[in-house]
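Step one of this worksheet: look at the structure below.
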Amino acid sequence: MTEWSSTASAVARNLGRNSIFCGLTALLPLIAGPITAGYRGFAPSLGWLLMLVFCLIVLALAVHLLFDALLFRVASSHETEAAGLAAVDNLLSRMQLRKPEKSPAGLERRIAGSRRIVWRQRFALAACLVIFAILLFNAGDGQPLC
């Protein structure tokens with residue numbers, strides 16, 4: 001395995017792990033929310049709707065990152081970096097997700113793009129968890145739920 005293909009494989013593995021972890025973490029407030037809302041009163045509907053929106057954003061970005069991980073795996077399965085990235089570009093153009101570019105992006109630029117998506121996902125997850133904590137505090141009137 002060459003250096004670039006091991007880098008692409010490592011990125012794919014990290015993107016997959018991050019995607020699954022953040023996706024499952026975003027599902028926890030959606031599962032626990034109705035249980036805790038019924039326990040002590042009803043928090044404002046707008047807060048729950050806002051939390052739902054952020055959870056859906058996290059889940060959508062998780063799907064996007066899983067797709068990116070698969071693309072990095074496709075790229076790492078080729079002999080050279082140029083052949084792997086060309087295969088990914090060809091796949092994306094056949095799926096009509098991206099138009100062919102004159103000068104394709106290198107591996108580092110693609111990794112940087114995926115990292116930006118990871119940080120957006122983490123921001124949305126943090127916002128979701130903060131809203132959930134506020135709603136729990138509001139539902140309990142400042143008292144602990146236990």
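The values are calculated or read from the model by the stated rules, or taken from the named source; none is laboratory data. From a predicted model like this one, the values you see are computed outputs, not experimental measurements. Cβ atoms come from the backbone with ideal geometry, glycine included; neighbour counts cover every protein chain shown. What goes into the accessible areas is simple: the full protein's heavy atoms, side chains included, and nothing from ligands, DNA or RNA. Shrake-Rupley method; radii C 1.70, N 1.55, O 1.52, S 1.80 Å.
Considering only protein heavy atoms and a probe of 1.4 Å, how much of the accessible area of the chain is carbon and sulfur, as a whole percent?
With neighbouring chains kept in place, the figure for the chain is 67 percent.
Decide, for the chain, between rounded, prolate and oblate: order the square roots of the alpha carbon gyration tensor eigenvalues as a ≥ b ≥ c, take rounded if a/c falls under 1.5, and otherwise choose prolate if a/b is larger than b/c, else oblate.
Prolate, because a/c is 1.5 or more and a/b exceeds b/c.
So how much slack lies between SER6 and ALA87, counting 0.36 nm per residue of separation and subtracting their Cα-Cα distance, in nm?
Gain in length upon complete extension: 27.5 nm.
Express the relative contact order of the chain as a whole percentage, based on alpha carbon pairs under 8 Å and six or more residues apart in sequence.
39 percent
Cα extents of the stretch 70-111 along the three principal axes, largest first, in whole Å?
24, 18, 16
So if each residue of separation counts as 0.36 nm, and I subtract the Cα-Cα distance between PHE137 and THR25, what length gain in nm does that give?
38.4 nm
Roughly how big is the chain's charge dipole about its Cα centre, with Cβ charges of +1 (Lys, Arg) and -1 (Asp, Glu), in debye to the nearest 20?
180 debye
As a test of understanding, state the convex hull volume per residue of the stretch 76-145 from its alpha carbons, in Å³.
142 Å³
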